[in-house]
Amino acid sequence: MKKNILLIFLATIISLYSVSTAWAETEQTIKNNEDTLELNSDAAILMDATTGEILYEKNSDKKEYPASITKIMTALLAFESDKMEETITFSHDAIFGIEPGSSHIALQEGEQITMEQAMYALLLRSANEAALGIAEQVDGSVEKFATHMTERAKELGCKNTNFINPNGLHDENHYTTAYDMALIAKEALKFEDFKNIIQTTYYEIPPTNQQEEARYLYGQHQMIKPPSIYVYEGCEGGKTGFTDEAQNTLVTYAKRDNTELIAVVFQCKGAQHYEDTIQLFDYGFSHFKTVKLSSTSEVSQIVSVVNEKGEKIDSVLAKLKEDVYQTVPIDFEISKITRKINAPETISAPVYEDDMVASVSFYYEGNPITTMELFADHAVSLEENVVTASIQNDKKVDSTNNFSSFYTIFSIFIFAVICSIISFFVALIICRFISWRRRKRRRLARRRK
């Protein structure tokens with residue numbers, strides 16, 4: 001099994017090397033085009049939301065203050081907590097734990113709204129007290145929630161992110177990067193409710209236990225709000241941010257056909273965050289597209305499983321875990337795609353479910369572009385053989401133990417017999433010696449008389 005996996009691994013490495021060679025010329029062309037972008041942002045990134053491919057970056061690993069785009073991570077943890085049906089009762093700390101004059105929707109201590117309503121307040125109006133209430137509802141305290149945020153960021157692959165609070169109000173130790181923020185934004189897209197909220201331009205929170213009038217929430221992202229001059233075709237919304245220290249920050253999603261992009265910009269003044277985001281999207285959509293190379297049902301391979309003697313005992317279906325997507329140049333023709341499955345004739349048991357047992361390579365006009373692993377659909381073990389062998393071994397052990405026990409008893413018996421014989425002769429000698437001594441004393445006694 002290890003030998004088979006090693007061969008597949010080597011084939012994959014060779015394919016990936018070929019991929020980098022085949023696409024080198026295209027990447028150089030893209031790099032040249034990148035130089036034409038003139039961004040005002042201190043840091044920026046453009047990412048394919050489906051594949052995670054980076055299409056453009058500028059200081060993407062530089063630590064920056066995120067301001068309220070922090071709230072995308074807050075929303076992500078709220079969705080992952082599965083508490084959307086719960087009601088939040090806002091505590092004293094949640095209401096008075098924000099800076100005076102910062103964004104809020106005038107919630108009061110003891111007021112109750114649903115988690116869903118709080119999410120709209122969080123993402124549409126950037127309500128800072130809503131962020132604190134959500135944090136307390138999810139993890140019990142803001143401190144625990146902030147730790148949760150940082151830990152989750154690391155799980156997503158973020159390397160330069162540290163969160164101190166759930167709302168993004170300034171703290172020198174509260175920072176992230178363009179690349180890390182794009183990873184977080186990409187993960188949030190897995191939740192359909194998140195996408196629905198960020199695309200909303202108007203939402204109403206009805207009267208509550210402490211508020212007789214409804215609250216009307218209007219979205220702040222100008223790229224989805226006509227008649228704004230920054231409205232962009234295909235824009236799906238996003239999250240704005242601003243503090244004096246961070247200046248304007250922005251995360252935006254846009255989709256055209258099957259291509260969905262994420263743009264992140266930091267440290268912008270005035271409307272530069274919108275202008276730079278539009279530049280990024282224009283560049284992305286004019287140079288790239290996302291194509292589906294294969295669905296999970298289109299690629300599979302039956303592989304025989306053998307035991308130690310090379311005898312077939314079962315077979316597994318090697319298949320993809322998920323559909324395969326690829327970011328490609330805009331003139332890419334999907335009809336020119338071919339694929340080849342790399343699989344051994346047999347693999348040795350045991351095989352575990354989801355073991356990598358084969359791979360599939362995709363080619364464009366004969367040139368390799370990517371290789372994906374194929375995984376076993378079920379486990380195959382040698383359990384029955386092991387049990388049989390175990391029983392046979394047990395029988396041998398029992399037989400050996402029985403013989404050993406018999407030999408031990410027999411040895412003890414012989415030893416006892418020998419000891420008895422020796423004891424008998426020793427006793428006999430002693431008795432004869434005592435008898436001889438008595439006879440000798442009697443003779444001496446007679447002579448004296």
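Annotations
- In summary, the aspartates and glutamates within cross-link reach of residue 58, defined as a Cα separation below 18 angstrom excluding same-chain residues under 8 places away, comprise 27, 34, 35, 38, 42, 48, 180, 275, 276, 282.
- About its Cα centre, the dipole of region 63-180 is roughly 380 debye, where the only charges are +1 on Lys and Arg Cβ and -1 on Asp and Glu Cβ.
- Selected from 300, 366, 335, residue furthest toward positive end of dipole (region 296-371; charges at beta carbon): 366
- The Cα center of region 44-59 and the Cα center of region 231-259 differ in position by 14 Å.
- Built amide H within the under 5 Å cut-off of residue 306, gap 5+: 313, 347, 348, 349
- Note on residue 354: accessible area is roughly 80 Å² with a 1.4 Å probe, heavy atoms of protein only.
- All aspartates and glutamates inside 16 Å of residue 312 as judged from Cα atoms, apart from same-chain residues fewer than 8 positions distant: 345, 383, 384
- Cut-off 19 Å (backbone N to label point 7 Å along Cα→Cβ of residue 314), residues of region 338-355: 344-355
- Charge tally for residue 272 (other residues, Cβ to Cβ under 14 Å; Lys, Arg +1; Asp, Glu -1): -2.
- Unit charges at the beta carbon, dipole of region 135-176: most positive-side option, 141, 153, 166: 153
- Rounded percent of accessible protein surface that carbon and sulfur make up, region 90-193, 1.4 Å probe: 42
- Across region 38-115, the relative contact order, built from alpha-carbon pairs under 8 Å that are at least six residues apart, equals 23 percent.
- Per residue accessible area of region 289-352, 1.4 Å probe, in Å²: 58
- Carbon + sulfur, % of accessible area of region 281-372 - ligands and nucleic acids excluded, 1.4 Å: 43
The values are calculated or read from the model by the stated rules, or taken from the named source; none is laboratory data. Only a predicted model underlies this, so the values are computations on that prediction, with no experimental measurement involved. Note that we place each Cβ from the backbone using ideal geometry, even for glycine, and neighbour counts take in every protein chain shown. Protein only, heavy atoms only, side chains kept; ligands, DNA and RNA dropped before computing areas. Shrake-Rupley method; radii C 1.70, N 1.55, O 1.52, S 1.80 Å.
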